[in-house]
């Protein structure tokens, strides 16, 4: 009887985790993988539009970035520098219109969800920037956490970037 109860509890717990991972937002029937990929694409679209000054320079517009960057967020940038949440939020906020005179584009390729564990998901993707100064590319690993209040039901917890071979900036 003890084994049966333990097994039943394990099955119920696993089912609840799958339900939680698959439906972070009410009415959102997209898979976790679809939501993760959408979040990567959507946030980079925001960064592109922000950098090109295609959005208003307002707190409301910037909330798309700041609201999904978790309080504990850290990034290890492509140069190997660890940056915590507030400095990266401030840097992106301060980059408004940086490509205004020579608009740039950001493209996401080769997204792949590698792991999921309860409310966490880890994925990789390539991020390509086509800029007036040339093309740069990064390979990124992202750790997401569930957040039912976020646009795609996810918060950015940890990001690690490396330059794609041959596609680091010249300077």
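No lab work stands behind these numbers, since they all come straight from the coordinates. On a predicted model such as this, the values are computed, not experimentally measured, just so you know. When we count neighbours, we look across all protein chains shown, and the Cβ atoms used for this are built from the backbone with ideal geometry, even at glycine.
Take 92, 81, 68 and order them by how many other Cβ atoms sit within 10 Å, fewest up front.
Sorted ascending by nearby Cβ count, the order is 81, 92, 68.
Counting pairs of alpha carbon atoms under 8 Å apart in space and at least six apart in sequence, what relative contact order in percent does region 12-171 give?
25 percent
Label residue 124 and residue 168 with points 7 Å out from Cα along Cα→Cβ: what is the distance between them in nm?
According to this spin-label approximation, the distance is 1.9 nm.
Sequence gap at least 6, Cα distance under 8 Å: using those rules, report the relative contact order of region 63-125 to the nearest whole percent.
17 percent
If you average the alpha carbon positions of region 97-171 and of region 32-60, how far apart do those two centres end up, in angstrom?
11 Å
Could you rank the peptides 119-132, 95-108 by their average count of other C-beta atoms within 10 Å per residue, with the highest value first?
Most protected by this proxy first, the peptides run 119-132, 95-108.
Given a Förster distance of 30 angstrom, what is the FRET efficiency for residue 72 paired with residue 109, based on the Cβ-Cβ distance and rounded to 0.05?
Efficiency for this residue pair is about 0.60.
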